[in-house]
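Please treat every number below as a calculation from the coordinates, not as lab data. The model shown is predicted, which means the values in this text are computed figures rather than measured ones. Heads up, the Cβs are rebuilt from the backbone with ideal geometry, glycines too, and the neighbour counts pull from every protein chain shown.
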């Protein structure tokens, strides 16, 4: 299993993607759909129409990397996790659960402590 740091953002392209696309085609799609720079080191996730294949594109320090998974049975369940938008941002636990076959519509996240934003100092 691949691991990424907590600072990595994950952008999901909601419309189905042609899985024949390679590095450059997916990078162009990422930029068009998510309006993000594919060279920023974040993850860009693409699913096919049947939702049985996923590609994850990211920029390493020296070039593009592509992670590809094809399910032999079933499909990735995105219900409840994808709004009616062209792209959506996920966090790492969401991506991990979906890749492991967990339906997010059947689960819920418990409230956890989050550090309050620091007050902004007013200029004098």
Label-point separation, residue 9 to residue 105 (7 Å along Cα→Cβ), nm: 2.8 nm
Gaussian network model of the chain, springs between alpha carbon atoms under 10 Å - residue of 92, 43, 26 with greatest fluctuation: 92
Rounded tilt (10° steps) of 23-34 against the dominant C-alpha axis of the chain: 50 degrees
Contact order normalised by residue count of the stretch 1-66, Cα under 8 Å, 6+ apart, percent: 33 percent
Mean separation of Cα contacts under 8 Å (6+ apart) over length of the stretch 10-105, as relative contact order %: 30 percent
Globularity index of the chain, i.e. its alpha-carbon radius of gyration over 2.2 N^0.38 Å: 1.19
Where only C-alpha atoms are counted, convex hull volume of the stretch 32-72 per residue in Å³: 62 Å³
Fewest-first sequence of 58, 113 by Cβ atoms within 10 Å of each Cβ: 113, 58
Where a label projected 7 Å from the Cα of residue 86 along Cα→Cβ would reach, residues of the stretch 25-44 with amide N under 11 Å: 29-36
Ranked list, fewest to most other Cβ atoms within 10 Å of each Cβ, for 112, 51: 112, 51
Order of 11, 46 under a 10 Å beta carbon neighbour criterion, fewest first: 11, 46
Residue-averaged [θ]222 nm for the chain, counting only DSSP H segments that reach four residues, each worth -39500 (n - 2.57): -4500 deg cm²/dmol
